[in-house]
1. Within the stretch 106-116, identify whether any single residue is within 20 Å of the chain's Cα centre (by Cα), under 25 Å from R19 (Cβ atoms) and crowded, with 22+ Cβ neighbours inside 10 Å, and answer yes or no.
2. Which condition number does K195 fail, the rest of (1) closer than 30 Å to K99 by Cα; (2) open to solvent by 70 Å² or more (accessible area, probe 1.4 Å); (3) assigned to a loop (DSSP other than H, G, I, E, B) being met?
3. If we only count strands (runs of 3 or more DSSP E) wholly inside the stretch 73-122, which ones have 2 or more residues that are touching a His at 6+ places or on another chain (Cβ under 7 Å) and in contact (Cβ under 8 Å) with a residue 24 or more places away in the chain?
4. Only one of (1) open to solvent by 50 Å² or more (accessible area, probe 1.4 Å); (2) at pLDDT below 95 fails for K126. Which number is that?
5. Which one of the conditions (1) small (G, A, S); (2) out of contact with any Gly (no Cβ under 8 Å at 6 or more places or on another chain); (3) closer than 28 Å to N90 by Cβ does G107 fail to meet, given that it meets all the rest?
6. Out of G237, G216, I need the residue that is modelled with pLDDT under 95 and assigned to a loop (DSSP other than H, G, I, E, B). Which one?
7. For A205, work out the one condition from (1) free of Cβ contacts under 8 Å to residues at least 12 places away in the same chain; (2) small (G, A, S); (3) surrounded by 11 or more Cβ atoms within 10 Å (Cβ to Cβ); (4) not in a helix (DSSP H, G or I) it doesn't fulfil.
8. Mind checking which residues of the stretch 32-45 are open to solvent by less than 30 Å² (accessible area, probe 1.4 Å) and farther than 21 Å from A134 by Cβ?
Amino acid sequence: MCYSTTLRKTKEEVEERFRARLQIELEYTPYFHMNGFTHGNLYIVPMEYPDELLPAMWGYVPPFGMDDPDAFHKRYNTLNAKSETVFSSNTFKHSIHDKRCLIVADGFHEPHHLNKVSYPYFCHYKDDSLFAFAGLYSELDDDLYSCTIITMPANEQFELIHNQKKRQPMILDEHWEEDWLLPDLHEPGIKELMKSAFTTKEIEAYPVSRDLYKRGIDTNNKLAIEKKDYPELNEQGSLF
């Protein structure tokens, strides 16, 4: 699962990296911590407009929930979509064929558990560069979108980090980003990408402040990315 992300780069850096332009007149604001349960905007590059960057509400809304997205979100958690069931899911099957997207980020957080205590781990490329999650989106109205991040079973690294649920968000290798948006990609090709297109770049992960889990605290600052030492974790942070 992936319920919080970071995007600290400038608008110009994002546009250059993804060769796309922010189209909707909305102030671009980098962030240190986006809590998915606030249903704020992520930035996506959609299949329909691969040269555009669009804000999309985090928390996918399917056709049957579009009459009242707020009520839908109270009943369903659609921040993530499982790669294993996305074709059969009544919620996500509407978009997997023709509404795939890149979701822009430069980091995210995963929970690590020890003795029934959860510690947030900040995960990012070792060089701290931008990357794209594989995602799905829906269009709720003119210039109003929602999105979800596809997740998959954890690899060896993320089995250690996300050691309870043992899942990871699908970070696309840059080489496969354009393929994810191809309009003529059929089910076997999509499944093959979800199986083999995970990034090959080195990912660094380390524990950060548990304040990320507390209410009433401003977490949209450097505490979301600054390494914090927890003696009880011993040397675990260095293993990731």
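The values are calculated or read from the model by the stated rules, or taken from the named source; none is laboratory data. The shown structure was predicted, so the numbers you read here are calculated from the model rather than taken from an experiment. Here the Cβ positions follow ideal geometry from the backbone for every residue, glycine too, while neighbour counts run over all protein chains shown. In case anyone asks, the SASA skips ligands and DNA or RNA and just uses the protein heavy atoms, side chains included. Shrake-Rupley method; radii C 1.70, N 1.55, O 1.52, S 1.80 Å.
1. yes
2. (3)
3. Numbers: elements: 80-82, 100-105, 107-114.
The qualifying strands (runs of 3 or more DSSP E) are 107-114.
4. Going through the list (1) open to solvent by 50 Å² or more (accessible area, probe 1.4 Å); (2) at pLDDT below 95, K126 breaks only (2).
5. (3)
6. Residue meeting the stated conditions: G216.
7. A205 satisfies every listed condition except (1).
8. Within the stretch 32-45, H33 is the sole residue that qualifies.
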